[in-house]
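For reference, the structure discussed in these notes is given below.
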Amino acid sequence: MLTKPMTIGQLSRRTGVPIKALREYEQLGLIYTLGRSESNYRLFDEEALWCVQVIRTMRSLGLTLKEIQDLTALYLERPGEPIGPHFGEKLEAALTRIEARITDLQALQQRIRDFQCAHAAELAGETELDLLASDPRQTVAKFSS
């Protein structure tokens with residue numbers, strides 16, 4: 001079933017993907033236009049809609065646009081070859097990135113807890129919180145006056 005071409009704004013509304021992101025997808029070769037309208041709007045078809053939905057799914061699994069671009073190129077260059085093993089490798093890379101991010105966030109969480117413990121009185125309003133007390137610029141200013 002052939003449907004009426006969509007403008008980039010219509011594609012954005014149908015997919016929930018910002019126009020700026022759709023333009024980036026087009027520049028990366030992840031989606032293609034049918035050309036332009038008489039008003040010079042980019043025109044897209046249902047295939048672009050499907051591609052954007054696949055991109056959203058892959059992004060929701062942690063893949064980068066570069067990884068999606070690589071998978072797309074592989075799919076187009078080697079028709080009939082199973083893409084699953086390559087997709088699995090990209091998912092493992094995404095897991096590695098996520099685990100590193102979790103480690104970083106846990107370290108940040110601990111720094112916040114340590115700060116809260118060290119400054120409990122100040123945070124409770126019992127004493128004044130002076131974050132500038134250890135500012136080396138304050139020490140330099142004292143020596144230069």
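Filter the range 44-90 down to the residues that are among the charged types (D, E, K, R) and without any contact (Cβ under 8 Å) to a residue 12 or more places away in the chain, then identify the one that is nearest to GLU24 (Cα to Cα).
LYS66
From the set of residues in the range 26-43 that are without any contact (Cβ under 8 Å) to a residue 12 or more places away in the chain and under 14 Å from PRO5 (Cβ atoms), which is surrounded by the most Cβ atoms within 10 Å (Cβ to Cβ)?
ARG36
With the structure loaded, tell me whether LEU129 is out of contact with any Ser or Thr (no Cβ under 9 Å at 6 or more places or on another chain) and assigned to a helix (DSSP H, G or I) or whether it fails that test.
When the stated conditions are applied, LEU129 does not pass them.
Within the range 89-118, track down each residue that is under 17 Å from ARG59 (Cβ atoms) and among the small types (Gly, Ala, Ser).
Result: ALA93, ALA94.
Step by step: first the residues of the range 1-22, then only those that are out of contact with any strand residue (DSSP E or B) (no Cβ under 8 Å at 6 or more places or on another chain) and of a type in the set (D, E, K, R), then the one that is surrounded by the most Cβ atoms within 10 Å (Cβ to Cβ). Which residue is that?
Selected residue: ARG13.
When residues of the range 98-144 are filtered for being modelled with pLDDT under 90 and of a type in the set (Asp, Glu), how many remain?
Number of matching residues: 5.
The values are calculated or read from the model by the stated rules, or taken from the named source; none is laboratory data. Note that the coordinates shown come from a computational prediction; the quantities given were computed from them, not determined experimentally. Glycine gets a Cβ as well: all are built from the backbone with ideal geometry, and neighbour counts include every protein chain shown.
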